[in-house]
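What follows is a short report on a single structure.
The values are calculated or read from the model by the stated rules, or taken from the named source; none is laboratory data. All values derive from a computational prediction rather than experimental measurement. Heads up, the Cβs are rebuilt from the backbone with ideal geometry, glycines too, and the neighbour counts pull from every protein chain shown. Surface accessibility is based on the protein's heavy atoms, side chains included, excluding ligands, DNA and RNA. Shrake-Rupley method; radii C 1.70, N 1.55, O 1.52, S 1.80 Å.
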Amino acid sequence: MRGRLLPSQFVRACQKYIGLALICMPLVLHLASGASAVSTVSAYYHTAARTPFLWMLYLTAFLFFTYRPRRKRDLLVAFAAGCFVVGLALFPLIGHVQLDPAEPCLLSLCHSPRSQPLHEWFGSLFGLASLYLVTLSFPEKNAAHATQTHRRNVAYRWCAAVMVGGFIAMQLFGALGYEAQRIWPETLALLGFAFAWVVKGQLIFAD
């Protein structure tokens, strides 16, 4: 019926526009926080950007839940990745911040004593799952649109390289004592991940 999106078109639209939202996420959080200096994206939880930060996490989880790959194992990884993102929101980074037990927070379990290690585990698992999807699930074969398919596959490889580079730089920065600067490689990895979803949604290199 004219004016209605087919299921596949709806999924592609979700991939495209939520990918764009993720590209804008670092700037939006920076502005919403009042240009607060943070050492990691998760630290925006402790700024005025808490609510948009949490909603962006839930939107990212929605992106994973709507992804419909052809292989069952890819579907399971995507679903798991969505669960990991929800975990990041429910168990936020605590660090050295002392939270007020009386402070209301409807979008997360913000005062759980086990929040810190759970957040770190969910973050690591999310990184591995997202890298798997970009490198092994997103690439495709389409003889009818070979040129555009090849361009998308090349873009996925570049996005994966940016993500891996960001992950490695984050660990190096932490090991060398540059904790305050870890947000830069983390943001780079996030942008690589977001751009991969934009390509998957065929905002560019469309058939």
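Protection proxy ranking for 78-87, 151-160, using the average of other Cβ atoms within 10 Å per residue and placing the highest first: 78-87, 151-160.
Label zone of His150 (point 7 Å out along Cα→Cβ, amide N under 18 Å): in region 185-205 this covers 205.
Computed in the context of the full set of protein chains, the accessible area of the chain at 1.4 Å probe radius has 68% of its extent on carbon or sulfur. From its DSSP helices (H runs of at least four residues, each -39,500 (n - 2.57)), the chain gives a residue-normalised ellipticity at 222 nm of -21500 deg cm²/dmol.
Here the Gaussian network model covers the chain, with springs between Cα atoms less than 10 Å apart; of Leu88, Leu27, Leu125, Leu27 fluctuates the most. Sorting Asp74, Asp207 on solvent-accessible area from highest to lowest, probe radius 1.4 Å, gives Asp207, Asp74. Considering the chain as a Gaussian network with a 10 Å cut-off on Cα pairs, which listed residue, Thr147, Thr40, Thr187, attains the greatest mean-square fluctuation? Fluctuation is largest for Thr147.
Cα centroids of region 148-177 and region 23-44: 21 Å apart. Using a probe of 1.4 Å on the protein chains alone, the accessible area found for Val162 is around 50 Å².
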